[in-house]
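The values are calculated or read from the model by the stated rules, or taken from the named source; none is laboratory data. Note that the coordinates shown come from a computational prediction; the quantities given were computed from them, not determined experimentally. Note: ideal-geometry Cβ built from the backbone for every residue, glycine included; neighbour counts use all protein chains shown.
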Amino acid sequence: MQRNFLLLIINPGSTSTKIALYDNEKPVLNEVIRHSSLEISSFKSIIDQFSYRKELILKILNDNGFSIKQLSAVIGRGGLLKPLRGGTYKVNEVMLEELIKSERGQHASNLGGILAYSIARQSDIPAFVVDPPVVDEVEEIAKVTGLQGIEKQIFFHALNQKAIARKAAKEIGKSYEEANLIVAHIGGGISVGVHKNGRVIDVNNALDGDGPFSPERTGSLPVGSLIDLCFSGTYSFQELRKRIVGRGGLVSYLDTNDARKVSEMIAQGNKKAELIYKAMAYQVSKEIGAASVVLRGEVDAIAITGGIAYDSQFTDWIKASVEFLGQVLIYPGEDEMLALAEGGLRVLKGEEEALDYGKAFIRRDT
């Protein structure tokens, strides 16, 4: 008889804290706690928000008739830790200290593991984080850029990429650990990951000017022209950074980061919108093609996910270009809460072991 596990999922964002309760894979509670800019601005740092957010989480549980004594585990969103391999990590003292210090950056996700650990400790149950955004399984050859002193950095949608890859592997009748997959996450940022035997061995940096352009990011740019722009005197450092991440991509060309609005423009006969939107699909397709070379053409499936995957016109453009490489599977949207729950469940059910953060770094020199 299958045992039931009640899991508390905590996903802190800059202006909200998403929480959910899962009875195994079944959601029994979903809440989004909104934080006003006035409330957030009263704290000196993100870590200082810990007690404030914890109290709100416990209140939601209590108001809905749940006690932490009913929980089997607490799973938090992973934060900015050292580069590590993918998997489910038990929150230990080493991880906790690094999250509190936030030496790798102040980000709301750092609170995920801290909140999970604190709540779990009250009931003597495990606390986990799953596939943090710093997952780095990329092979060294893929990090060489062509300029000594600049190495490719790894930032991508690790949690959703891994969850979708597992789903795709299951759909084609393979385990994730034996499948060769390409996953394209298409949202505010775009990442195209090469999944080989359970590891993401190559992926573009979805945050910082690498790969396809996205609704609000430039992706790769001609370096010479970018250097000219840097020294033109037109932009400050911060302004140029904002143009690359935030005001690039669709925003730069069409003054919107909403793909639905772009589709409306196209339907109304806007030829520029059609060209730019098709160009984004073209660049994603090229990135998928390059990813297939990493797998030497042995592609079991290509999975397309993220918010823009809801747009069948956009995914059809990509499919027309890449389906000769392998089966194309569409998984619109993303479900970080379920992905976190599934990561915790795999450990609780004995399907995989929880990793020890202190022993699982990919690169100890970073």
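I'm checking my understanding of the structure. Among residues of segment 283-334 that are basic (Lys, Arg) and assigned to a helix (DSSP H, G or I), which one is farthest from the chain's Cα centre (by Cα)?
Our first condition is that a residue be basic (Lys, Arg); within segment 283-334, this holds for 286, 296, 319.
Those left that are additionally assigned to a helix (DSSP H, G or I): 286, 319.
Numbers: Lys286: 21, Lys319: 23 Å.
Per the criteria, the residue is Lys319.
Of the strands (runs of 3 or more DSSP E) contained entirely in segment 2-42, those carrying at least 3 residues that are surrounded by fewer than 20 Cβ atoms within 10 Å (Cβ to Cβ) and out of contact with any Phe, Trp or Tyr (no Cβ under 7 Å at 6 or more places or on another chain) fall at 16-23, 26-34. Condition first: closer than 22 Å to Val192 by Cβ, surrounded by 13 or more Cβ atoms within 10 Å (Cβ to Cβ) and among the hydrophobic types (A, V, I, L, M, F, W, C). Can you find one or more residues in segment 346-356 that meet it? The answer is no, given that none of the residues of segment 346-356 is closer than 22 Å to Val192 by Cβ, surrounded by 13 or more Cβ atoms within 10 Å (Cβ to Cβ) and among the hydrophobic types (A, V, I, L, M, F, W, C). Scanning segment 225-233 for residues that are aromatic (Phe, Trp, Tyr), in a loop (DSSP other than H, G, I, E, B) and closer than 24 Å to Phe156 by Cα turns up nothing. Being β-branched (Val, Ile, Thr), under 15 Å from Ser118 (Cα atoms) and modelled with pLDDT of 95 or more is the filter here, so list the residues in segment 41-61 that pass it. Ile57, the sole residue that qualifies. Quick check: anything in segment 136-143 surrounded by fewer than 18 Cβ atoms within 10 Å (Cβ to Cβ), assigned to a loop (DSSP other than H, G, I, E, B) and not aliphatic (A, V, I, L, M)? Yes, there is a match, as at least one residue in segment 136-143 is surrounded by fewer than 18 Cβ atoms within 10 Å (Cβ to Cβ), assigned to a loop (DSSP other than H, G, I, E, B) and not aliphatic (A, V, I, L, M).
When you look at Tyr117, is it closer than 30 Å to Arg199 by Cα, in a helix (DSSP H, G or I), hydroxyl-bearing (Ser, Thr, Tyr) and at pLDDT 95 or above, yes or no? If you could, list the steps in order and put the result at the bottom.
Details: closer than 30 Å to Arg199 by Cα: yes; in a helix (DSSP H, G or I): yes; hydroxyl-bearing (Ser, Thr, Tyr): yes; at pLDDT 95 or above: yes.
Yes.
In segment 219-255, the qualifying residues are those that are within 26 Å of Val192 (Cβ to Cβ) and hydroxyl-bearing (Ser, Thr, Tyr), and the one that is surrounded by the fewest Cβ atoms within 10 Å (Cβ to Cβ) is Ser225. Inclusion of Ser118 among residues that are closer than 27 Å to His35 by Cα, among the hydroxyl-bearing types (Ser, Thr, Tyr), in the same structural domain as Arg346 (by TED's automatic domain parsing) and in contact (Cβ under 8 Å) with a residue 60 or more places away in the chain is warranted.
Tell me yes or no: at least one residue of segment 301-311 is out of contact with any helix residue (DSSP H, G or I) (no Cβ under 7 Å at 6 or more places or on another chain) and free of Cβ contacts under 8 Å to residues at least 40 places away in the same chain.
Looking only at segment 301-311, we keep the residues that are out of contact with any helix residue (DSSP H, G or I) (no Cβ under 7 Å at 6 or more places or on another chain), and these are 306-307, 310.
Imposing the further condition that a residue be free of Cβ contacts under 8 Å to residues at least 40 places away in the same chain reduces the set to 310.
Yes: one or more hits.
The set of residues in segment 265-276 being out of contact with any Asp or Glu (no Cβ under 9 Å at 6 or more places or on another chain) and either in a helix (DSSP H, G or I) or of a type in the set (Val, Ile, Thr) (or both) consists of Ala267, Lys271, Lys272, Glu274, Leu275, Ile276.
Going by the structure shown, is Glu274 surrounded by 20 or more Cβ atoms within 10 Å (Cβ to Cβ) and acidic (Asp, Glu)?
In short, no.
Here Lys82 meets the list (1) in contact with a Phe, Trp or Tyr (Cβ under 6 Å, 6 or more places away or on another chain); (2) buried (at least 18 other Cβ atoms within 10 Å of the Cβ); (3) outside any loop (DSSP other than H, G, I, E, B) almost entirely, failing just condition (3).
So which of Ser72, Ser51 is over 22 Å from the mean Cα position of the chain (by Cα) and exposed (fewer than 14 other Cβ atoms within 10 Å of the Cβ)? It would help to see each step written out before you state the result.
On the way: Ser72 fails: exposed (fewer than 14 other Cβ atoms within 10 Å of the Cβ).
Ser51 is the lone residue from the list that is over 22 Å from the mean Cα position of the chain (by Cα) and exposed (fewer than 14 other Cβ atoms within 10 Å of the Cβ).
Do we find that Ala168 is among the aliphatic types (A, V, I, L, M) and either at pLDDT below 95 or within 15 Å of the chain's Cα centre (by Cα) (or both) in this structure?
Working: among the aliphatic types (A, V, I, L, M): yes; either at pLDDT below 95 or within 15 Å of the chain's Cα centre (by Cα) (or both): no.
Spelling it out, it is not the case that Ala168 is among the aliphatic types (A, V, I, L, M) and either at pLDDT below 95 or within 15 Å of the chain's Cα centre (by Cα) (or both).
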